[in-house]
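A.B. asks: Before I ask anything, here is the structure I am working with.
The numbers here are math on the coordinates, done by the rules we state, and not lab data. Quick caveat: nothing in here was measured; it's all calculated off a predicted structure. Cβ placement follows ideal geometry from the backbone for every residue including glycine, while neighbour counts extend to all protein chains displayed.
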Amino acid sequence: MADDQNQIARIFPVETRFQKIAQQPGGVPRDQALRQAFAAVEAVKPGFDAWLDGEMQCLVDAVARAQAGKPAAEWAETANLYSRHMRDVGTTMGYELLSFVANSLCEVLDAIEAGIPCNLESVTCHLDALVLARQPEYRALSPEQLPELASGLRSVADRVSVVHTDG
Amino acid sequence: MSKPSINLRDLVILVADGSSYFSMLVHGMLRGFGTSKVIEVRDAVDALRIMTSQRVDVLICDAKLPPHGGQALTRAIRRKPDNEHRTIPILIMSADTREATIKRARDAGANMVVAKPLSPLNLYDRLTWIAMTSRQFVDCPNYFGPDRRFKNDGNQKGSGRRKIDQPAEAAADSVDADAEPALRTA
C-alpha cells in the first residue's frame, strides 16, 4: 500500500513569491529589523495590565459557572481560551510566571475538556496563582525562582493529566 | 559570518490567531521587520475568505485557531488543487511543542512550527529559514505539502525511500541545511 502511494507521489520544486522577494536586497537589515520589532513589543506593554484585567475577569466568570454547578461543556472551553491568551503573551510581556501558571491551567482544562471528572480545586488553585503571578514583585520571576509554587502546580496538572491519559 | 537579512517589503502576511492582543504583538513584530502589509483574522473562516479575495504570501496561524485548529486550516489550503495559495509558506504557532503535535502540523502540510510565546528573534529566524531554504513539494493521495523529510540526499545506493527519488547527485541542489529537527523550533 505504502509502496503504491510512493510510486504515484509527484515531487516538484516550488519557489514561492515569498522566497523570491525575501531574498532580494533592499529589506530592513536584520539588526535594525529586530530592534524595530522589539520596540514594537515595548510599545504595547503599557496597555498590557488593562488587557490582563479583562482576560482575568472573563476567566473568573467562566470558573464561576463551574462553581455554580454548570457542566464542563458550558465553561471549560471558554476558560481554556482565556487561559491560552494569557499564556501566549505573558512571557513576551515580561510576565514569565504568568505564562507558566496559565500553561499549567491549560493542561488541567484540556483534560477537563477531554472528559475527566472535574476537580474544581485544581482550577481555583491556578486562579489564585495567576493573581499572585501578576503582582509586581512576582511578575518577572521565573518558575525556577519559586520552586514550591511551580512544583505544586506541576503536581496538580500532572495528576489531572495522568487521569486524562489513563482514562 | 553575519546572519542574513530578508526583504519583507511588498509582501502580504496573514496572521490568524483567536487572540487580538497576541495578533497585535505579531503584527508589530512583522511591521518592525519591514513587512508592508499585515492582515489579522480571528478564525479559519476569515482566513480562507481573505485568501479568496487577495494575494497572501505567508500564513502564520495558531495551532488552536477557531474553529478547528491551524492544522485543519493548513489541510484545507493544501488540499484544494485549484487554490492559488496551495503552496504558500505556512507557519503554525503552538505552545505545545511535543513531538506528536509537531508531527501533526507537519503531516497537515505546515512548513514549520514556531513556539509560543513568540519572540521577535524566533519569528525572524523562522521566516529567514523559510525564505532561504528551498524545499520540494510532495503531491500524493494522502498528502500535499513541503517534503516532510527535509533532506533529499538519497541513500548509499543512490536513491531515497521513495522509488521515484533521484540519485543523490541529482538531488543535491535541493538539500536543506538541517534535517527534520529544524521543524521543531525554539
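A.B. asks: Counting only residues that are closer than 24 Å to A:GLN24 by Cβ and more than 9 Å from chain A (Cβ to nearest Cβ), which one in the range B:14-34 is surrounded by the fewest Cβ atoms within 10 Å (Cβ to Cβ)?
C.D. replies: B:LEU14
A.B. asks: Of the residues A:ALA43, A:ALA62, A:ALA50, only one is among the small types (Gly, Ala, Ser), free of Cβ contacts under 8 Å to residues at least 24 places away in the same chain, over 26 Å from A:ALA140 (Cα atoms) and part of a helix (DSSP H, G or I); which? Spell out the reasoning first.
C.D. replies: Numbers: A:ALA43 fails: over 26 Å from A:ALA140 (Cα atoms); A:ALA50 fails: over 26 Å from A:ALA140 (Cα atoms).
A:ALA62 is the lone residue from the list that is among the small types (Gly, Ala, Ser), free of Cβ contacts under 8 Å to residues at least 24 places away in the same chain, over 26 Å from A:ALA140 (Cα atoms) and part of a helix (DSSP H, G or I).
A.B. asks: Which of the residues belonging to the range B:67-91 are among the polar types (S, T, N, Q) and assigned to a loop (DSSP other than H, G, I, E, B)?
C.D. replies: Across the range B:67-91, the qualifying residues are B:ASN83, B:THR87.
A.B. asks: Same structure, new question: Has the range B:77-100 got at least one residue that is in contact with a helix residue (DSSP H, G or I) (Cβ under 7 Å, 6 or more places away or on another chain), among the acidic types (Asp, Glu) and under 18 Å from B:VAL12 (Cα atoms)?
C.D. replies: No, the range B:77-100 contains no residue that is in contact with a helix residue (DSSP H, G or I) (Cβ under 7 Å, 6 or more places away or on another chain), among the acidic types (Asp, Glu) and under 18 Å from B:VAL12 (Cα atoms).
A.B. asks: If you don't mind, there's one more thing I want to ask. Check B:MET132 against each of (1) under 14 Å from the mean Cα position of the chain (by Cα); (2) surrounded by 21 or more Cβ atoms within 10 Å (Cβ to Cβ); (3) of a type in the set (A, V, I, L, M); (4) facing another protein chain (nearest Cβ under 8 Å) and name the one condition it does not meet.
C.D. replies: (2)
A.B. asks: Scan the range B:16-57 residue by residue and report those that are out of contact with any Phe, Trp or Tyr (no Cβ under 7 Å at 6 or more places or on another chain) and among the aromatic types (Phe, Trp, Tyr).
C.D. replies: The answer is B:PHE22, and nothing else.
A.B. asks: More than 14 Å from every other protein chain (Cβ to nearest Cβ), under 27 Å from B:VAL26 (Cβ atoms), surrounded by 13 or more Cβ atoms within 10 Å (Cβ to Cβ) and of a type outside the set (Asp, Glu): is that true of A:ALA40 in this structure?
C.D. replies: No, not satisfied.
A.B. asks: In the range B:35-53, which residues are out of contact with any helix residue (DSSP H, G or I) (no Cβ under 8 Å at 6 or more places or on another chain) and within 13 Å of another protein chain (Cβ to nearest Cβ)?
C.D. replies: Result: B:THR35, B:SER36, B:LYS37, B:ASP43.
A.B. asks: Within the range A:43-74, track down each residue that is under 27 Å from B:LEU25 (Cα atoms) and away from chain B (no Cβ under 14 Å).
C.D. replies: A:GLN57, A:VAL60, A:ASP61, A:ALA62
A.B. asks: Where residues in the range B:107-126 are part of a helix (DSSP H, G or I) and in contact with a strand residue (DSSP E or B) (Cβ under 8 Å, 6 or more places away or on another chain), which of them is surrounded by the fewest Cβ atoms within 10 Å (Cβ to Cβ)? Walk me through how you get there before you give the answer.
C.D. replies: So the first thing to find is which residues in the range B:107-126 are part of a helix (DSSP H, G or I), and the list is B:107-108, B:120-126.
Filter once more, so that each one left must be in contact with a strand residue (DSSP E or B) (Cβ under 8 Å, 6 or more places away or on another chain): B:107-108, B:122-123, B:126.
Details: B:ASP107: 15, B:ALA108: 23, B:ASN122: 17, B:LEU123: 23, B:ARG126: 23.
Filtering first and then ranking leaves B:ASP107.
A.B. asks: If B:GLY70 passes every condition in (1) buried (at least 23 other Cβ atoms within 10 Å of the Cβ); (2) in contact with a Phe, Trp or Tyr (Cβ under 8 Å, 6 or more places away or on another chain); (3) more than 12 Å from chain A (Cβ to nearest Cβ) but one, which one does it miss?
C.D. replies: (2)
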